[in-house]
Amino acid sequence: MLRYRFIKIPDEKTLARLAALYAEQGWWTGKDTLAMLRRMVRGSHCFLIAEENGRLAGMGRALNAWSGEAYIHDVAVQKEFRGRKVGSQLMKRLVARLKKDGVRWIGLIASGNSAPFYESLGFRSPPGSRAMTLGDPNV
């Protein structure tokens, strides 16, 4: 049975499992470190993980601008857990937590082929807008 929990101070085992999922997604480079990942988890408004029998199934996090706005980042599900609604549950729980914490505007960037997934959860592109980045888009 899947278990979802928010973490703030990850232990070494959890850090290693998170790093492996970041690597599976292509989001981990040779410059990344577990110390950096630990700071990232602690610095997030909330960091949610899904686990089953001690195995990491997925993750997602949100950053809060402390102005009623937040951004969801790094939503990922291990390949073997896909098709089991893990991503949808991660998103629903992140959104519920943000709303509970007073966030009124929630944004994200739907990369790759992920737009239909986020649209199925109610996310839309604001009229006349487009996502823009400065620097390496894979950072």
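We did not get these values from a lab; they are worked out from the coordinates using the rules stated. Quantities reported herein were computed from a predicted structural model and do not represent experimental measurements. Glycine gets a Cβ as well: all are built from the backbone with ideal geometry, and neighbour counts include every protein chain shown.
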Legend entry - Reachable lysines from Lys100, criterion Cα separation under 27 angstrom, eight or more residues apart if same chain: Lys8, Lys85, Lys92
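Give me the dipole magnitude in Debye, nearest 20, for region 64-128 about the Cα centre, with unit charges on the beta carbon: positive for Lys and Arg, negative for Asp and Glu.
300 debye
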Legend entry - Karplus (6.51, -1.76, 1.60) ³J(HN,Hα), θ = phi - 60°, over region 69-83, in Hz, Gly and Pro reported as x: 10, 8, 10, 8, 9, 6, 7, 8, 10, 4, 3, 5, 9, 5, x
